Amino acid sequence: MAQGTIARVINDRGFGFIKPDDGREDIFFHHSSVADGGFDSLREGQTVEFEAGRDPRSNKSRAENVLPL
């Protein structure tokens, strides 16, 4: 699994962005991709693990199985 830092959380819209540790551009994540429904506990600057995936609707990259560390 890749690691990164929460760069931005938009609580009222249910999504955010992760800055991957490997230097890639920020990656989108949806609240439904956060393990154990922990979206509300995520804070900017927090370290997470995630799997890179693709959004089936837009074919853009997104983070899946986001797990706070």
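What list of ³J(HN,Hα) values in whole Hz, one per residue of the stretch 41-55 in order, does the Karplus curve 6.51 cos²θ - 1.76 cosθ + 1.60 (θ = phi - 60°) give from phi, with Gly and Pro shown as x?
These are the phi-based 3J(HN,Hα) values: 8, 6, 10, 4, x, 6, 7, 9, 10, 7, 10, 7, x, 10, 6 Hz.
To the nearest 20 debye, what is the magnitude of the charge dipole of the stretch 1-65 about its Cα centre, counting +1 on the Cβ of each Lys and Arg and -1 on the Cβ of each Asp and Glu?
On the way: 9 positive and 12 negative charges, 56 e Å.
In debye, rounded to 20, the stretch 1-65 gives about 280.
What ³J(HN,Hα) values, in whole Hz, does the Karplus curve 6.51 cos²θ - 1.76 cosθ + 1.60 give for the stretch 34-40 when θ = phi - 60°, with x put for Gly and Pro?
So the Karplus estimates, Gly and Pro as x, are 8, 4, 6, x, x, 4, 5 Hz.
With every protein chain kept in place and ligands, DNA and RNA left out, what is the accessible area per residue of the chain? Probe 1.4 Å, answer in Å². Before the final figure, lay out each step's value.
Working: 4320 Å² over 69 residues.
Value for the chain: 63 Å² per residue.
Ignoring ligands, DNA and RNA, what percent of the accessible area of the chain is carbon or sulfur (1.4 Å)? Mind dumping the intermediate values first?
Details: 1870 of 4320 Å².
Carbon-and-sulfur percentage of accessible area, whole number: 43.
Hey, quick one: spin label on Gln46, modelled 7 Å out along Cα-Cβ, who in the stretch 10-35 has an amide N within reach, i.e. under 14 Å?
10-12, 14-19, 29-35
Rounded to the nearest 10 Å², what accessible area does Lys19 show when all protein chains are kept and the probe is 1.4 Å?
100 Å²
Calculate the tail of P(r) for the chain: the fraction of all Cα-Cα distances greater than 13 Å, expressed in %. Could you put the intermediate results ahead of the total?
Details: 1345 of 2346 pairs.
Value for the chain (Cα pairs over 13 Å): 57 percent.
The values are calculated or read from the model by the stated rules, or taken from the named source; none is laboratory data. Note that the coordinates shown come from a computational prediction; the quantities given were computed from them, not determined experimentally. When we count neighbours, we look across all protein chains shown, and the Cβ atoms used for this are built from the backbone with ideal geometry, even at glycine. To get the accessible areas, we keep the full protein, side chains included, count just its heavy atoms, and leave off ligands, DNA and RNA. Shrake-Rupley method; radii C 1.70, N 1.55, O 1.52, S 1.80 Å.
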